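Asks: Here it is, the structure, as structure tokens.
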Amino acid sequence: MKYPIAIEPGTDTTAWGVVVPDLPGCFSAADDGVDEAIENAKEAIAAWIEEAIANGESIPKPSSITELQKTGEYDGWIWAIAEVDPALIDDTIERVNITLPRRILALLDQRAKSAGESRSGYIARMTLMH
């Protein structure tokens, strides 16, 4: 997925500001220019999407830069694209095979059981918490 981002140029004393217009409240910053701003925007977008999914909210589709430029809200800003992995919003169940030492697997199963969850459910929840 490719989200347009608006980047406000920084100075020697201020950071570069980044806004993702399609994702309300999604923003970021960078100290070292456009490349860092784009990378930081990718992280902000991923975090925004994770939070929205956790709250049962829908994920807006990306707009075109041309559409967003017409609003005039970010005149003078630099436009770029932040590409994020579409797997972030794909809830398709996928079977995986992992290799773990028996002691780690036993500990994992013990913690999952204590939490009242399956092994898969426990791994998924722990992953989403961090």
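Asks: Among the candidates 21, 101, single out the residue that is touching a Leu at 6+ places or on another chain (Cβ under 8 Å) and either farther than 21 Å from residue 2 by Cα or not small (Gly, Ala, Ser) (or both). Reasoning before the result, please.
Replies: Numbers: 101 fails: touching a Leu at 6+ places or on another chain (Cβ under 8 Å).
Sole residue among the options that is touching a Leu at 6+ places or on another chain (Cβ under 8 Å) and either farther than 21 Å from residue 2 by Cα or not small (Gly, Ala, Ser) (or both): 21.
Asks: Run down 57, 36, 50 and say which single residue is touching a residue at least 24 places away in the same chain (Cβ under 8 Å) and either touching a Lys or Arg at 6+ places or on another chain (Cβ under 8 Å) or acidic (Asp, Glu) (or both).
Replies: Of the residues listed, the single one that is touching a residue at least 24 places away in the same chain (Cβ under 8 Å) and either touching a Lys or Arg at 6+ places or on another chain (Cβ under 8 Å) or acidic (Asp, Glu) (or both) is 50.
Asks: While we're here: Among the residues of the stretch 90-111, are any among the acidic types (Asp, Glu), in a helix (DSSP H, G or I) and surrounded by 13 or more Cβ atoms within 10 Å (Cβ to Cβ)?
Replies: Taking every residue of the stretch 90-111 in turn, at least one turns out to be among the acidic types (Asp, Glu), in a helix (DSSP H, G or I) and surrounded by 13 or more Cβ atoms within 10 Å (Cβ to Cβ).
Asks: Then there's this: Quick one: in the stretch 44-89, of everything that is surrounded by 16 or more Cβ atoms within 10 Å (Cβ to Cβ) and of a type in the set (Phe, Trp, Tyr), which residue is nearest to residue 129 (Cα to Cα)?
Replies: It comes out as 48.
Asks: Turning to a different aspect of this structure: For the stretch 16-46, enumerate the residues that are in a loop (DSSP other than H, G, I, E, B), modelled with pLDDT of 95 or more and farther than 15 Å from residue 81 by Cβ.
Replies: 24, 25
Asks: Further question on the same structure: How do the pairs read when you match residues in the stretch 1-26 that are in the same structural domain as residue 85 (by TED's automatic domain parsing) and in contact (Cβ under 8 Å) with a residue 12 or more places away in the chain with residues anywhere that are among the polar types (S, T, N, Q) and surrounded by 16 or more Cβ atoms within 10 Å (Cβ to Cβ), using Cβ under 6 Å and keeping only pairs 6 or more apart or on different chains?
Replies: Note: pairs meeting the criteria are 18/28.
The values are calculated or read from the model by the stated rules, or taken from the named source; none is laboratory data. Note that the structure is a prediction, hence the values are computed from the model and not measured. Every residue, glycine among them, receives a Cβ derived from its backbone with ideal geometry; neighbour counts consider all protein chains shown.
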